[in-house]
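Where a number appears in this text, it was derived from the coordinates with a stated rule and is not lab data. Treat the numbers as computed from the prediction; the structure is a model and nothing was measured. Methodologically, a virtual Cβ is constructed for each residue, glycine included, from the backbone with ideal geometry; neighbour enumeration extends over all protein chains shown.
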Amino acid sequence: MAGRPALFTDACVNGHLVDALVSRGWDVMRAIDVFPEKTPDPVVFERAAQGGRVFVSNDEGILKAAAAWLVEGRAFRMIFWPQEDYRAWSIGELLQAFEELAAQEDPFRYPIVRLRPRR
């Protein structure tokens, strides 16, 4: 799958990261542009999956929806890192992690890719 997949960012994803991805040519749809505030996680998650987009989140709560989908055998792709890791990553480092995923042949062999700081 080498290449940049279309993304769907959760409301918790830092706007500076979203802007950086868009400026680099990534196709990014933001949950805050599609749903009202406080839309339940499973609804947002399902929209991303149905649209064939990679769901991007750092909200631990969304992992429950992802686990349910795994158990049900439903197809989805997700990039996740915990919110506290924002202190360990710069926006540039996060952007680089996304670019490295895009360069991989099949980064979603397992549907959840967890980003981890290199430090």
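Points to keep in mind about this one:
- Distribution of pairwise C-alpha distances over the chain, 10 Å bins, in %: 13, 50, 34, 3
- Ascending count of other beta-carbon atoms within 10 Å, so fewest first, for Ser90, Ser23, Ser57: Ser23, Ser90, Ser57
- Cα centroid separation - segment 63-115 against segment 1-40, whole Å: 13
- Segment 1-56 shape via C-alpha gyration tensor axes, a/c threshold 1.5: oblate
- Sequence-separation-based contact order of segment 1-71, relative, with Cα cut under 8 Å and 6+ spacing, percent: 41
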